[in-house]
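For reference, the structure discussed in these notes is given below.
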Amino acid sequence: MPGRTELAAWKALVAHADALAGTHLRELFAADSRRGERLGLEAAGWYLDYSKNRVTADTLRLLLQLADACGLREHIDAMWRGEAINSTEKRAALHVALRAQTGEEFLVDGIDVVPEVRATLERMADFSNRVRSGEWKGHTGMPIRAVVNIGIGGSDLGPAMACEALRHYSRRDLEFRFVSNVDGTDFSEATRDLDPAQTLFVVCSKTFTTQETLANAHAARTWLLQAMGVEHAVSRHFVAVSTNAVEVAKFGVDTANRFGFRDWVGGRYSMDSAIGLSTMLAIGAENFRGMLGGFHAMDAHFRSAPFARNLPVLHGLLSVWNTNFLAIESAAVLPYDQYLKRLPAYLQQLVMESNGKQITHGGRRVEYATSPVWWGEPGTNGQHSFYQLLHQGTRRVACDFIGFRDALNPLGNQHELLLANLIAQAEALAFGKSRQQVEADGTEQALIPHRVFEGNRTSNVLLAERLTPATLGALVALYEHSVFVQGVIWDIDSFDQWGVELGKQLAARIAPELADPKLPLAHDSSTNALIRRMRLRNT
Ligand code: G6Q
């Protein structure tokens, strides 16, 4: 198969981007009075307005041709069939099976995995009902009042984001904390005001070998045992979520309290697996099922809608357009909802760990850019911080604005203010403010260039009626599938993460060198000097 840049659709897009370079969004809107509605699309409770992307009908037609030329339909089918689309790890990536609905079947190596998924969900529901009702007691007979999730990366960011996003639906008499960093401060600050007798630790680790998580889990064990005195207290205060039953048992967690999942669930795609146990403890089993329903609604849309009307497909293709043909190197996710304050961090991992790659499935180096840099903050806070660069900086950033029509916490007219800001920002980025307008304001001559906004800056607006477990699920599924679409176009494995290995190996070598000043150092001169400097505390 020819490389991506050899495809006719790719070449046509390069030429098309050139031809479109001088066209401003103002002209595109002026030429079509219905553009704002025509370039809009609704699915699974979400409305995407993509009219403020620098695209025409031709752009979309060529992007859809590119998708066909890259075999997007076949790749989606392969994912759903449970094929080993994670080519470097030779595994399926079947997170869609985690939200399968009645009657659906997902096969991995010829075995339907849905019954096991269902059984795990039942066990999670039973356990969380017991904890939430107070039936589950700690070692001294007291009910649980605080849940501390210990995990990192994919075993932290999803539940941490979801617990925050769905706080409105959560039990307010249960406290939820998340410990991920190997920095002892994280654990110490998370637990300093907790009562061990009423604290439950949920240790989340797919492998149960992750250095940071094991260090924190051991710290938690020590913290608990110092208060309880007896080893068997552990079984009332620790549960584990892991694929590794052997290591969980070695740690001392009762195997009855292990919730499993399979290796076809990648860490950053695992928030709706048993890794979501803390989320279920917070919002209850019914709401968790509601969230899975939202994921499933977006899955079903992604699987069946024609590409031209397919929300994740268009979202992904627009990202490819921005990245490869408009040379936009960065994307900001800007949720206008305080509950979504952890969404940018969650998406950073989902997007950049998935598509921050440079080697194709076939082992060749790519000749084009892959994942943009993703970042963001909730609005309106970001407006008083980095939006200056979005509007007038020399770099282009593609923005995703996210908002909800209904306020969960209505307070005077604050929700209208919030939404007005969201809509205004997208408008300002696209249309800017011309020199003539600035002059007409009577602006002092010297300030005119400073007050001009050139506009023509790309954004998507994603709107839903209300932040619910279902709309959150659908939103995450939208991004998961968008990332997949981009990975298919770029011909990379979106489901591995070899890039995190080297640092881990070197840290494992340096840790003992820091601890023992007598060990000889054989790194480069900078690394040696840094190690020596940090050893000083020991000498
Ligand atoms: C996610 C990555 C990574 C992983 C963490 C934690 O896709 O694989 O972020 O989730 O390294 O791994 P464990 O769950 O095995 O502790």
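Bear in mind that the values in this text are calculations on the coordinates, not laboratory data. Note that the structure is predicted; figures quoted are calculated from it, not measured. Glycine also receives a Cβ, built like all others from the backbone with ideal geometry; neighbour counts cover every protein chain displayed.
For the chain, what is the number of Lys pairs with C-alpha distance below 26 angstrom, counting only pairs 8 or more positions apart or on separate chains? Total qualifying Lys-Lys pairs in the chain comes to 15.
DSSP beta bridges confined to the chain are antiparallel in about 30 percent of cases. Histogrammed with a bin width of 10 Å, the alpha carbon distances of the stretch 193-261 distribute as 22, 57, 21, 1 percent, first bin at zero. Does the stretch 290-349 come out rounded, prolate or oblate by the C-alpha gyration tensor, with a ≥ b ≥ c the root eigenvalues, rounded set by a/c under 1.5 and, if not, prolate when a/b is larger than b/c and oblate if not? The shape class here is oblate.
Multiplying the residue separation of Leu194 and Ala215 by 0.36 nm and removing their Cα-Cα distance gives an extension gain of 5.6 nm.
Tell me the mean residue ellipticity at 222 nm calculated for the chain from its helices only (DSSP H runs of n ≥ 4, each -39500 (n - 2.57), averaged over every residue, nearest 500). Computed ellipticity for the chain at 222 nm equals -13000 deg cm²/dmol.
Could you tell me which of Gly40, Thr255, Thr185 has its Cα farthest along the dipole of the chain towards the positive end, charges placed at Cβ (Lys, Arg +1; Asp, Glu -1), taken about the Cα centre? Highest projection toward the positive end goes to Thr185. At an R0 of 30 angstrom, the distance between the Cβ atoms of Ala21 and Gln358 translates into a FRET efficiency of 0.70. Protection proxy ranking for 337-345, 279-287, using the average of other Cβ atoms within 10 Å per residue and placing the highest first: 279-287, 337-345. Restricting the calculation to Cα atoms, the chain yields a radius of gyration followed by a Dmax of 25.1, 78 Å.
Placing +1 on the Cβ of every Lys and Arg and -1 on the Cβ of every Asp and Glu, with no other charges, gives the chain a dipole of roughly 680 debye about its Cα centre. Less than 20 Å from a label point 7 Å out along the Cα-to-Cβ axis of Glu247: which backbone N atoms in the stretch 192-215 qualify, by residue? Correct set: 201-215. The trypsin sites (Lys or Arg not before Pro) of the stretch 378-459 meeting both criteria, a DSSP state outside H, G, I, E and B (loop) and at most 15 other C-beta atoms within 10 angstrom of the site's C-beta, are Arg395, Arg405. Here the contact order of the chain, divided by its residue count and restricted to Cα pairs under 8 Å and six or more residues apart, works out to 19 percent. Working from label points 7 Å from Cα in the Cα-to-Cβ sense, the Asn409 to Ala78 distance is 4.6 nm. Using 0.36 nm per residue and subtracting the Cα-Cα separation, the extra length available between Asn181 and Glu6 on full extension is 58.6 nm.
Extending 7 Å from Cα along the Cβ direction at Leu519 and again at Arg451 yields two label points whose distance is 6.3 nm.
Highest average first, the peptides 38-51, 107-120 ordered by how many other beta carbon atoms sit within 10 Å of their residues are 38-51, 107-120. Dipole orientation for the stretch 359-431: of the candidates Thr370, Gln425, Asn413, Thr370 has the Cα lying most toward the positive pole (charges on Cβ; Lys, Arg +1; Asp, Glu -1). When a/c reaches 1.5 or more, the comparison of a/b and b/c decides; with that in mind, is the stretch 1-132 rounded, prolate or oblate per its Cα gyration tensor? Oblate, since a/c reaches 1.5 and b/c is not below a/b.
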